[in-house]
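All remarks here apply to the structure that follows.
The values are calculated or read from the model by the stated rules, or taken from the named source; none is laboratory data. Note that the coordinates shown come from a computational prediction; the quantities given were computed from them, not determined experimentally. No Cβ is skipped: glycine too gets one built from the backbone with ideal geometry, and neighbour counts run over all protein chains shown. These area figures cover heavy atoms from the full protein model, side chains too; ligands, DNA and RNA do not enter into them. Shrake-Rupley method; radii C 1.70, N 1.55, O 1.52, S 1.80 Å.
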Amino acid sequence: MVRIGLGMRISALGLASAVVIAFWGLVAILAPLIVPYDPGKIVDYDYFGPMTEDFLLGTDYLGRDMLSRILMGARYTVGISLAAVSLACFLGVTLGMVAAVIGGLLDQVLSRVIDAFNSIPSKLFGLVVVAAVGSSLPVLVLTLTAIYTPGSYRFARALAVNINAMDFVTVARARGEGLIYLIREEILPNIVGPVLADFGLRFVFIVLLLSGLSFLGLGVQPPYADWGALVQENIGGLPFGAPAVIFPSVAIASLTIAVNMLIDNLPRRIRDRSAP
Amino acid sequence: MNLLIARMILQRMGIVLLTLLIVSFAVFAVTELLPGDVVEILLGQSATPEAVAGLRAAMHLDEPAVIRFVKWLGGLATGDLGISYVNKLGVAELIEGRLFNTLKLGGVTALFAVPLALGLGIMAAMFQGSVFDRVVSAATVTVISVPEFMVATAAVLIFAVYLKWLPALSLAGDVGSIGELLRNFAMPVITLTFVISAQMIRMTRASVIDTLNTPYCEMALLKGASRVRLVLVHALPNALGAIANAVALSLSYLLGGVIIVETIFNYPGVAKLMVDAVATRDLPLIQSCAMIFCFGFLMLIMIADIVAILANPRLRG
Amino acid sequence: MTPLASIRDLRIGAVTDAGREVEIIRGVSLDVAPGEVVALIGESGSGKTTIALSLMGYTRPGCRIESGAVLLDGTDVVGLSPRARAAIRGRTVAYVPQSAAAAFNPSKRLMDQVIEVARIHRLMPPEAARRKAVDLFRALALPDPDTIGDRYPHQVSGGQLQRLSAAMALIGDPRLIIFDEPTTALDVTTQIEVLRAFKSVIRGGAMAGVYVSHDLAVVAQIADRIVVLKDGEVQEEGTSDQIINAPAHPYTRELIAAFEPRSGAVTPGSDVEPAPVLEVRDLTAGYGGIGADGLPRVPVLRDVALRLLPGRNLGVIGESGSGKSTLARCIAGLLPPARGTISLAGRTLAPGTHGRSKDDLRRVQIVFQLADTALNPNRPVGRIVGRPVTFYHGLHGAELEARVDALLDMVRLPRAMKYRLPGELSGGQKQRVNLARALAAEPELILCDEVTSALDTVVAAAVLDLLRELQRELGLSYLFISHDLSTVEAICDDVMVMYQGETVERMAAARMRVGAEHPYSRLLISSVPRLDTGWLDGLEQDAELVAQFARR
């Protein structure tokens, strides 16, 4: 157990996970400054090269430096996922709180439509959209947002409905408070903990889906490549276990497992902040 | 009381139908109304305007979108799925055999995964906090944290590359013997089983533990019930609804997993067909495949809902 | 005589949510002789349930027995293996839970659960166990004893479930039964029958009992000896008569004093009747939308009328389901009524909060029962109390601070408390913050919905005193909703009795115990336990009346 101030402790595992996440965050920001080679340039005649002193993580199917490509890939994987999860959670949580507080017909209609939307499997939706409009960064971000907003809505709505039933909200209503005040002052502070945890989980789902789409060749398009696309490009190296196919996978796993572990090890005070 | 159950089930079915309608509209809208003219794709950039207009009329693309939607929906309901743009074959024919392959893959996976996951989830809950529980929890969190293609590639690396037990590719259809069938099937099934079991184990464990924390389970403990009796007699019957939901939800992950798995193992199923159709922008084929997947998903959710209704003692006579 | 059960210097630790370890039972020792009923009495957090459960070798998750011995028939249950511990549970010592409604497995038939102890411990063949259970049902005065076991828990009433849980405990012929607040969740008219049933089986079976409760009057009816607990320590121990009539410890005296009737009427009624501050006419309200007949689909209130004069208090009493809380919600505008008018100082109010002006809203404030859920757990006290000041009176900055300080002074809370979060406050302090927030609006009428019901006796008495003082200082009127007659008696001038959404009777609070005329009012009032060991045995109620009104 490690103290992190405010009387909260976090387990060593949680702290290690936070470090891994911070590392990838920094890499995503600083990637162009720290890559040893130009990620698009062929630097070695050997393709699927082994790990050497010059090419720490080997080379890919064209002879490009894998380390540089993975570091740059972090930008796409982390950047797209973060943008999508932020949009999805902002939309979902706002709508969820509004539906819970206003209730009635608005809540019923919104919930029914969103449930219907939720019953389209996410990969399928991605496939159909990409088939229709092609793949580009804005399309990817918006598609991922559209796929994950319903879940965020349902989660936030369920929490907000519980808070909305509490007497302090009733008192505020009896006082004559408006929607904005109720949402901002009474509901949001009491669901922010679980919502943050959900944000993390949803981020993991988005990373996984983005990687999956890229793996199918429907995500980030060449010459750019996120981690999923790196695996797809180099899948030909799989039968002989090339580092070029293993390390992008390791990168994805390290990020997603770290986020999951961090959430599982968050102090109870943060996770259960909705509890009175 | 039984009338009430019947009414609730009918209501669920009504909701499923309504949802299916909304979904079909969404699928149609996304594929039909977004940019990218099909005729130009089919005829290429150099086609004459007359040829384009002729084909448009022949494909009824000059009609209003609403009419086309209704016609398409009517076709879906009667089994007329249209003609593939790319190879001019009936979509129904293209899908038929593939659908059977995918169902076979999903069915075999479910046959392994469901009992395995329920068993592990219930045992983990029963021995909550033990080494067994912690190992299971760590393993499941790892599996749900990685993309399906990584589970698949890991399975290939282990079973095909290092151990050389199984072939990396699978081709349903031309199998000579049962042994060969197993070998062809094994890799996709193993991968999918991992993918869907992890989620199911976690949810099963959580719902059993939730039930164990109720006052009536504490009461049973204070009556002298053993841990095993507590879980099997008191917790499980009440967690049934939640577990059914977990199973349905996990099986719906199967739909996502199948897309990756069929692609990676080159398995001739509907998902592979759909991914190929996306590459060629074969819209009728994409629409039909999408509707099949959504239909399957909704059926699973509906079955889970119905099990939950039937498992609720308050609704029983 | 060697005691049947004996607790020696018991210490139990618990881990709080923040991960700190605290000692919740600090060196408790007590004995239970064979055939004796010992009551553990104390406020919430006094550790009474924790001690009782330790007699079964059980601690709730997060708690741990650190030292001491719990001897049951000479065996220390603390050191037993899980298997040996399971062997005594249900057989040597049995448990009757606080909420039987939650303690029955919803998916199993009652009979299977009642005879489960016999099955687990292989005490007798199932057929014999079933016959024995039916005998117990009969002894516990349950209706349809032959068939009630075939039902599911949701198909019988709360009072019946509580008696069924006693049957579940008795089936294994235990030598000691633990009753954990078994009547707290019940209405008073139901409580009587359950108490009688418990008393008769304990006497008949010559078994020992440990009766956990916060209600001294209930305990007085059933216990031979009383152990008074506070903060995990024994304060005083003695026979029931001695504790009730000659308490020695200051804390026990405080507990007893809280039962003494207090002067009710704050203002003497004058001959010239002033205009009422609140007048409700023909109020009909409910849930589920309005049906074709213009009535709500699920009606809760039917044609309720009331008048409240300025500076006076009206008590609304009734059992659960009587509609008294719904009445408060209608007056506050939270539930627009289907029919009828609500007027404040002669002006008719709009049915819902949306139609009411800010000033109308300001003049009526509502205070809820559970202080825990009535305060936003993530906002400091100062901000909670300050919001109505800003909202209604537009004060900011230093003026706002000064007003918040004054309000905290008014409810006798230290000013420094404004920086605290509600979670750091005790129940009584929270209820004071709750009051301060209502006062911040400078209202004319405060709707008090069971404001003292969730508080411990001594704390509740202090809150009542505060309410009375504030009324003198500020000239407020209270509409006081409660199921607790002594609270209403202590603070109200007039009383209105409600039953199933209708007004049954109105009378002066002072005449309540002697002057009630409607049969239901008489039944309700006579059912409230008195602090007198002979009350239950001496109580006679008209069986027909009971059958008509009490939902058992």
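Shape class of chain B from the Cα gyration tensor (axes a ≥ b ≥ c, square roots of the eigenvalues): oblate, since a/c reaches 1.5 or more and a/b does not exceed b/c. On full extension, the segment bounded by B:LEU111 and B:ASN312 gains 69.8 nm, given 0.36 nm per residue less the C-alpha separation.
Residues with beta-carbon under 12 Å from that of C:ASP215, excluding C:ASP215: net charge, scoring Lys, Arg +1 and Asp, Glu -1? Before the final figure, lay out the partial values.
Working: positive: C:LYS48, C:ARG530; negative: C:GLU43, C:GLU181, C:ASP456, C:ASP484.
Local net charge: -2.
About the Cα centre of the stretch A:2-272, what is the dipole size in debye to 20, counting +1 per Lys and Arg Cβ and -1 per Asp and Glu Cβ, all else neutral?
Details: 17 positive and 18 negative charges, 171 e Å.
Value, rounded to 20: 820 debye.
A crude spin-label estimate for the pair C:SER453 and B:ARG227, with each label 7 Å from Cα along the Cβ direction, gives 4.1 nm.
Mind checking the mean number of beta-carbon atoms from other chains within 10 Å of the Cβ atoms in B:277-284?
On the way: counts 2, 10, 5, 1, 4, 1, 3, 0.
That average works out to 3.
Choose one answer from B:ILE286, B:ILE67, B:ILE190: the residue with the largest mean-square fluctuation in a GNM of chain B with alpha-carbon springs under 10 Å. The residue that fluctuates most here is B:ILE67.
Helix by helix through chain B, keep the DSSP H runs that span 24 Å or more along the axis on Cα and average at least 0.0 on Kyte-Doolittle, and give those back in order. Numbers along the way, then the final one.
Details: long enough: B:2-33 (45 Å, 1.81); B:91-126 (49 Å, 1.34); B:178-212 (45 Å, 0.95); B:236-264 (40 Å, 1.57); B:283-311 (42 Å, 2.30).
In chain B, the long hydrophobic H runs are B:2-33, B:91-126, B:178-212, B:236-264, B:283-311.
Top mean-square fluctuation among B:PRO268, B:PRO284, B:PRO49, Gaussian network model of chain B, C-alpha springs under 10 Å? So, out of B:PRO268, B:PRO284, B:PRO49, the one fluctuating most is B:PRO49. Taking Cβ atoms as reference points and 11 Å as the exclusive limit, the residues near C:ILE366 contribute a net charge of +2, counting Lys and Arg as +1 and Asp and Glu as -1. When the square roots of the Cα gyration tensor eigenvalues are ordered a ≥ b ≥ c, the ratio a/c for the stretch C:367-455 is 1.5 or more and a/b does not exceed b/c, which makes its shape oblate. About the centre of its Cα atoms, the protein assembly as shown shows a dipole size close to 800 debye [charges on the beta carbon of Lys, Arg (+1) and Asp, Glu (-1) only; nearest 20 debye]. To make sure I understand the rule: partners must be lysines, Cα under 24 Å from the Cα of B:LYS71, and not fewer than 8 residues away in the same chain. Which ones qualify? Within the straight-line limit of under 24 Å, B:LYS71 reaches these lysines: B:LYS88. Here's the picture: charge each Lys and Arg Cβ at +1 and each Asp and Glu Cβ at -1 in chain B, and of B:VAL66, B:ALA154, B:GLY97 the one pushed furthest to the positive end of that dipole is B:ALA154. With both labels modelled 7 Å from their Cα along Cα-to-Cβ, the A:ILE102 to B:LYS104 distance reads 5.2 nm.
Nearest 0.05, what FRET efficiency do C:ALA402 and C:ARG472 give at R0 = 35 Å with Cβ-Cβ as r? Each step should come with its number before you reach the end.
Numbers: r = 23 Å, r/R0 = 0.66.
Step by step, r from the Cβ atoms, then E = 0.90.
Helix A:104-118 axis versus longest C-alpha principal axis of chain A: approximately 20°, rounded to the nearest ten. Residues of the stretch A:59-82 falling in the label zone of A:TYR224, defined by backbone nitrogen less than 20 Å from a point 7 Å along Cα to beta-carbon, are A:65-82. Other residues within the sphere of radius under 15 Å centred on the Cβ of A:GLU53, judged by their own Cβ, net out at -4 (K and R +1, D and E -1).
Measuring between alpha carbons in the structure, the pairs from A:LYS123/B:LYS104; B:LYS223/C:LYS430; C:LYS48/C:LYS132; B:LYS104/B:LYS272 lying more than 26 angstrom apart are B:LYS223/C:LYS430; C:LYS48/C:LYS132.
Label-to-label distance for B:ILE5 and C:LYS358 is 5.7 nm, based on points extended 7 Å past Cα in the beta-carbon direction.
Using a 10 Å cut-off on Cβ to Cβ distances, tally the other chain neighbours for every residue of B:211-220 and report the average as a whole number.
Across the residues of B:211-220, the mean count of other-chain Cβ atoms within 10 Å is 6.
Annotation: Cα Rg of the stretch C:131-213 relative to the compact-globule expectation 2.2 N^0.38 Å equals 1.03.
Which trypsin sites (Lys or Arg not before Pro) in the stretch C:138-185 sit in a loop by DSSP (not H, G, I, E or B) and have at most 11 other Cβ atoms within 10 Å of their own Cβ?
Details: sites: C:ARG138, C:ARG151, C:ARG163, C:ARG175; in loops: C:ARG151, C:ARG175.
Taking the stretch C:138-185 and a limit of 11 other Cβ atoms within 10 Å, no loop trypsin sites (Lys or Arg not before Pro) are found.
Can you sort A:TYR181, A:TYR224, C:TYR478 by 1.4 Å-probe accessible area, starting with the largest? List each step's numbers first, then the result.
Numbers: A:TYR181 35, A:TYR224 130, C:TYR478 0 Å².
Greatest to least solvent exposure: A:TYR224, A:TYR181, C:TYR478.
Distance from the Cα centroid of the stretch A:84-133 to that of the stretch C:305-347 is 41 Å (rounded to whole angstrom). Its Cα centre serving as origin, the stretch C:278-515 has a Cβ charge dipole (Lys and Arg +1, Asp and Glu -1) of approximately 480 debye.
So if we plug the beta-carbon distance of A:SER86 and A:VAL109 into 1/(1 + (r/R0)^6) with R0 = 22 Å, what FRET efficiency do we get, rounded to 0.05?
Numbers: r = 26 Å, r/R0 = 1.18.
Rounded to the nearest 0.05, the efficiency is 0.25.
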